[in-house]
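Step one of this worksheet: look at the structure below.
The values are calculated or read from the model by the stated rules, or taken from the named source; none is laboratory data. Since the model is a prediction, treat every value here as computed from it, not as a measurement. Backbone-built Cβ (ideal geometry, glycine too); neighbour counts: all protein chains shown. Note: accessible area is taken over every heavy atom of the protein model, side chains too, but ligands, DNA and RNA are not part of it. Shrake-Rupley method; radii C 1.70, N 1.55, O 1.52, S 1.80 Å.
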Amino acid sequence: MVSLSCLFLTYGLIEGQHFKWSMYIVGILIISVVIFIIFYVQQKLRQKRDPLIPFALFEDRNYTLMNVVGVFFSIGVLGLMLLLSIYFQSILGYDAFRAGLTLVPASLISMCVSPFAGKFSNKIGGKYLVLAGLALTLIGMIWVIFIMNGHNYWVQFMLSMVITGFGNGLLISPTAAVAVKEVKDEVAGAASGVMNTVRQLGTVGGSAAVGALLQNRISAMNHGSEFESVFDISTKFGGHLSGYLTALRESLLLPMAAIALACIACAFVRKNAKRLSTNELK
């Protein structure tokens, strides 16, 4: 049911601009919400009979906040990578392989930093590592906005990719560690599963939302004209790219806002939270 709800939500966001946000799209989005509400009610009724999602997990303040951080972090990072991929291919004229190589440093740095972040999480506090990671990710995004001019060389993005990758590496392990630290072993599997699922839903919904915003801004810059794909911008509109650069920068504000909200949520994490008992979670 959650997957079906997500399907309707994603389709509605992606195709909304194409259908000019007609009642057809509004109806699809409403269906998405209704399906999710039905799922929530079904799970609510099963709380005493081995539910898929034990709602008592969310009575743990840190667990709830780290789920919020995970959602906003996914929206921010995936939104950034999506917009950069479009920028490299539609504005700078890179093929998909070269665009992917330009983004690789962020993943490599994140992969190298993440194990060390996990080890230091308990020593210096996962909350502070997560805040540092979010701050670095936000700095990387700001750097991208300032250097994006339509005539960049790939090497100009290396510093922002390194900063973003380092920030991501500080986030992954500490976020999970802080979230499940106070959860009993008996429900650790459910807690981890819910958190990973919520993060993936943030990835899907966030990417769709950022894509929808970009389509809307490009359409507005082009006085409502339609286009086949954002990847055809440079071909279809020739040298008139200043408006599309503005649209990309404006669309980047959504991932930046998501990271900022994640910082606010993380700031409310408590150092010493109450450990939930098994009976409280059943």
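Some points to look at:
- Scanning the range 259-279 for residues that are over 15 Å from V180 (Cα atoms) and modelled with pLDDT under 50 yields one hit, N279.
- Single residue of the range 142-178 satisfying the filter (out of contact with any helix residue (DSSP H, G or I) (no Cβ under 8 Å at 6 or more places or on another chain) and part of a helix (DSSP H, G or I)) that is least open to solvent (accessible area, probe 1.4 Å): V155
- Answer from A191, A132, A117 - the residue that is surrounded by fewer than 22 Cβ atoms within 10 Å (Cβ to Cβ), more than 30 Å from I14 (Cα to Cα) and not basic (K, R): A132
- Scope the range 86-105; condition open to solvent by 30 Å² or more (accessible area, probe 1.4 Å) and touching a Gly at 6+ places or on another chain (Cβ under 8 Å); matching residues: L92
- Failed condition for W21, given (1) surrounded by fewer than 17 Cβ atoms within 10 Å (Cβ to Cβ); (2) assigned to a loop (DSSP other than H, G, I, E, B); (3) of a type outside the set (G, A, S); (4) touching a residue at least 60 places away in the same chain (Cβ under 8 Å): (4)
- Checklist (1) farther than 27 Å from E182 by Cβ; (2) in contact with a Lys or Arg (Cβ under 7 Å, 6 or more places away or on another chain) applied to V34, failing item: (2)
- Of the candidates K48, K44, the single residue that is farther than 23 Å from F166 by Cα, out of contact with any Asp or Glu (no Cβ under 9 Å at 6 or more places or on another chain) and not in a helix (DSSP H, G or I) is K48.
- Subset of the range 179-219 [part of a helix (DSSP H, G or I) and of a type in the set (K, R)]: R199, R217
- Meets criteria (touching a residue at least 60 places away in the same chain (Cβ under 8 Å), within 30 Å of P174 (Cβ to Cβ) and open to solvent by 50 Å² or more (accessible area, probe 1.4 Å)) for L65: no
- Options Q47, Q42: the member that is polar (S, T, N, Q) and farther than 19 Å from G189 by Cα: Q42
- Flag for G79 being open to solvent by less than 20 Å² (accessible area, probe 1.4 Å), in a helix (DSSP H, G or I), modelled with pLDDT of 90 or more and small (G, A, S): yes
- Lone qualifier among K119, K127, K181 - being over 17 Å from L84 (Cβ atoms) and without any contact (Cβ under 8 Å) to a residue 40 or more places away in the chain: K119
- Note on the range 236-251: among residues that are of a type in the set (A, V, I, L, M, F, W, C) and more than 25 Å from the chain's Cα centre (by Cα), the one that is modelled with the highest pLDDT is L241.
- Residues of the range 84-122 that turn out to be assigned to a loop (DSSP other than H, G, I, E, B) and closer than 29 Å to A132 by Cβ, as a count: 0
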